[in-house]
Amino acid sequence: MKRILAAGFFCLASIQPALADRIKDLTSIATVRANQLIGYGLVVGLPGTGDGADLTFTGQSMRSMLNQLGVSVDGSLSDFDAGVKAKDSVDIKNTAAVMVTAELPPFAKPGQTIDVNVAAIGKATNLRGGSLIMTRLRGVDGTIYALAQGSLTLMAVDVSSAGSSVSTGITTAGRIPNGALIERAVDTAFDKSDVVILNTRSADFTTANAIVGAVNDKFGAGVAKAIDGISVALTVPQDIGQRVAFMSMVENLSVTPGEEAARVVINSRTGTVVITRNVRVTAAAVSHGGITVKVSATNEVSQPAPFAGTGAVTKAVTNADVAVSEEKKPMFLFQPGVELRDIVDAVNQIGATPSGMIAILEALKRAGSLRAELVVL
């Protein structure tokens, strides 16, 4: 039985022909995309783990919000920002300034909800138990697309007692499931354009050509036209109902995509090696082994010879013994055009470790024998 590398991971692709995939799994519609939203807000109700008195903008934000709600905070602004508990001051140790982010999915309509992420930007140490008060979420154009509010959910623990503490995860960031209500939809060109563009997820002329062939075989010549190695233009019906039905049929068509590029991906930190099926190696001989150097030291005392004179003294002497040993590993030969399975079997036979596998692959690439892109993470 062949020995498998313990810490290395090899993704062995099947040697059978590639199976057909749906067009919806290989492409995305050019005008159908998500949009990023961002907002600034306040989390309240914290058990003294908020920003405190050191951050003036947290107090200013709280004062501005209370004024908008009709609560007059007319005390000294310096006292308020300094955290002084005046008659009409607010203890901002229970409040944290946060950034709120969300992703607005395509075709999202007003009244639907989306998840939001909340992260502290000040000196708050723990957002557990806090509630986000109404926060405007804006797009890159500055328009308000959603309003966020709700109780935070944190997947972290921070407990301390009697001088000892245990902390897991991040306590200054959390989520609010369905925490934002969409107020405005994003306009798209899907229902207005005469042509819908499909973009493949990776540039490949074979895949683009296969999509064109599958669509034209189903709906007639000229319906689909390749623009380049990524984009395919579809002539779609003008009626929006027919257009939706047409795109539903198109995205469920099956095509055989082009084979992936020959690539070797190495994660030097974890020892993970992923090799695609199309990797080839030209004729090359490889020898891999390790050299061990062992140094041992012995401490001895040197005594002066009898009648050595008044200048002779006793000295401590360190004697070192150095031994060098080298592992005897056989050299193996790669024949021209050798495939992935043969590479892995040959390296396993000499007992190479994951780091040894990485060294062999890098050496093959440097020698010009590895016919693949080498990616080191």
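Using only the Cα atoms of the stretch 115-259, what do you get for the radius of gyration and for Dmax, in Å?
24.1, 77
To the nearest 20 debye, what charge dipole does the stretch 189-255 have about its Cα centre, counting +1 at the Cβ of each Lys and Arg and -1 at the Cβ of each Asp and Glu?
On the way: 5 positive and 7 negative charges, 3 e Å.
The dipole of the stretch 189-255 has a size of about 20 debye.
Averaging the inverse of every distinct alpha carbon separation and then flipping it gives the Kirkwood radius. What is it for the stretch 189-255, in angstrom units? If you can, show how the numbers build up before the last one.
On the way: mean 1/r = 0.0833 Å⁻¹.
Computed over Cα pairs of the stretch 189-255, the Kirkwood hydrodynamic radius comes out at 12.0 Å.
What order do you get for 125-138, 233-246 when each peptide is scored by the mean count of other beta carbon atoms within 10 Å, highest first? Write down the numbers at each step before the final one.
Working: 125-138: 19.2, 233-246: 13.9.
Per-residue mean Cβ counts within 10 Å order the peptides as 125-138, 233-246.
Coordinate-derived values only; no laboratory data. Please read all numbers here as calculations on a predicted model, not as lab measurements. Every residue, glycine as well, gets a Cβ built from its backbone with ideal geometry; the counts of neighbours run over all protein chains shown.
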